[in-house]
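The values are calculated or read from the model by the stated rules, or taken from the named source; none is laboratory data. What you are looking at is a predicted structure, and each value in this text was computed from that prediction instead of being measured. Because the Cβ atoms are built from the backbone with ideal geometry, glycine has one as well, and the counts that use them run over all protein chains shown.
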Amino acid sequence: MENQPTMAVRPDRKGPKNIAILLFISAFLVAGMGYQDWQLHHNGLNDSQIEVFLTTPNSQEGEPTSVEDYRDFESSVQEENGYFIRAVALLSTAACLLVGSVFLHRLQRRGAILCVAGAVTGLVGGVAGSIIINQNAQEYLGEAMKLTYEIWVYLCGTIMGLCLAVAALPLLNARARLALTPNVQLDELE
């Protein structure tokens with residue numbers, strides 16, 4: 001067989017840096033969601049906020065949700081730590097993404113690993129907290145609100161799964177992996 005020319009795989013330094021920027025921005029969005037859940041765990045909503053929140057769902061078909069029903073739902077979720085679990089998971093994810101994206105932008109492998117670890121934490125904890133919240137919604141809230149909280153479980157899982165996929169790209173792509181690996185040079189001895 002003839003020798004076929006082989007093409008060397010060159011490192012891709014732009015791809016991991018672009019992903020790092022995307023993960024850096026995502027860290028702030030995830031932190032915002034985590035902070036909101038933290039507030040809901042500690043304070044909840046006041047009656048006027050609940051009335052505004054329930055205006056649209058109560059205008060749809062099905063049984064309406066009263067302020068008292070929402071208070072019972074909120075108390076039950078707080079007792080079972082649904083908001084707390086999701087808040088801790090999302091805030092941990094945000095911290096990992098924030099620090100990891102800086103390392104990844106500097107083309108360090110530990111940045112990609114830290115981002116993946118954060119995304120896994122967000123996926124597991126976010127879905128677990130969302131399931132607890134959804135179970136309580138199914139018990140206490142009206143039809144429109146039940147569907148909303150059920151969709152939140154899938155939405156949280158999908159978004160955190162997408163975050164995991166993006167964070168794992170620099171570790172899975174051969175050219176990006178080469179950019180993260182330190183260059184090794186061998187000196188020839190005479």
Just one of the numbered conditions (1) crowded, with 18+ Cβ neighbours inside 10 Å; (2) of a type in the set (Val, Ile, Thr); (3) touching a Leu at 6+ places or on another chain (Cβ under 9 Å) is not true of Val9; which one?
(1)
Of everything in the range 139-162, what is assigned to a helix (DSSP H, G or I), closer than 19 Å to Gly62 by Cβ and touching a helix residue (DSSP H, G or I) at 6+ places or on another chain (Cβ under 8 Å)? Give them in sequence order.
Glu139, Tyr140, Ala144, Met145, Lys146, Thr148, Tyr149, Glu150, Trp152
Some residue of the range 82-98 being touching a Ser or Thr at 6+ places or on another chain (Cβ under 7 Å) and small (Gly, Ala, Ser)
yes
Taking the condition of being out of contact with any Phe, Trp or Tyr (no Cβ under 9 Å at 6 or more places or on another chain), in a helix (DSSP H, G or I) and surrounded by fewer than 21 Cβ atoms within 10 Å (Cβ to Cβ), how many residues in the range 84-112 meet it?
4
Considering (1) crowded, with 16+ Cβ neighbours inside 10 Å; (2) touching an Asp or Glu at 6+ places or on another chain (Cβ under 7 Å); (3) not basic (Lys, Arg), say which one Leu164 fails and leave the rest.
(2)
Condition (residue is in contact (Cβ under 8 Å) with a residue 60 or more places away in the chain, under 23 Å from Trp38 (Cα atoms) and of a type in the set (Asp, Glu)) applied to the range 128-139: is it met by at least one residue?
yes
Given the criterion of a type in the set (A, V, I, L, M, F, W, C) and at pLDDT 95 or above, identify the matching residue among Ile25, Ile50.
Ile25
I'm checking my understanding of the structure. Among residues of the range 37-49 that are closer than 16 Å to Asn81 by Cβ and surrounded by 12 or more Cβ atoms within 10 Å (Cβ to Cβ), which one is farthest from the chain's Cα centre (by Cα)?
Gly44
